[in-house]
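Input: a single structure, listed below in structure tokens.
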Amino acid sequence: MEEQLRDKGLDPGAMRIVMELGSTGAVKSAVEAGLGITIISTSSVKHEVALGLLKVVDITDASFKRQFYAIHLKSTLLPIPAVTFLTYLREHKDDR
């Protein structure tokens, strides 16, 4: 995110960050309470937007990407649905 902001001529260090929260739910609650704004995945606020609690504003000409990891115990046999899901992730890892 900071790289995208710098590319747009904004200095992330100059931002007035007043709090950091430990979960997406806490962030959404803080925004609902009028404590500020956030950059968050639209998929994580679908419910709140549908209820009219939050409003999404598109950030044009920016692409925020993150990496996700799938982990599991090596010593555990995975159920078929988990194996299927991991196979899907591996086959589509480069799709964007």
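The values are calculated or read from the model by the stated rules, or taken from the named source; none is laboratory data. All of these numbers come straight from a predicted model, not from anything done at the bench. Note that we place each Cβ from the backbone using ideal geometry, even for glycine, and neighbour counts take in every protein chain shown. Note: areas computed on protein heavy atoms with side chains; ligands, DNA, RNA excluded. Shrake-Rupley method; radii C 1.70, N 1.55, O 1.52, S 1.80 Å.
Values for this structure:
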| quantity | calculated |
| --- | --- |
| Computed magnitude of the charge dipole of the stretch 35-74 (debye, nearest 20; Cβ of K, R +1, Cβ of D, E -1) | 260 |
| Cα centre as origin, Lys/Arg/Asp/Glu Cβ charges: the chain dipole, Debye | 260 |
| Value of [θ]222 nm, deg cm²/dmol, for the chain, DSSP H segments ≥ 4, -39500 (n - 2.57) each, nearest 500 | -9000 deg cm²/dmol |
| Length gained when the stretch THR76-LYS8 is fully extended (0.36 nm per residue, less Cα-Cα span) | 19.9 nm |
| Extension reserve of the LEU51-TYR69 stretch, reckoned as 0.36 nm per residue once the Cα distance is removed | 3.4 nm |
| Accessible area of the stretch 13-88 belonging to carbon and sulfur atoms, whole % at 1.4 Å probe | 60 |
| Accessible surface, the chain, averaged per residue in Å² (probe 1.4 Å) | 91 |
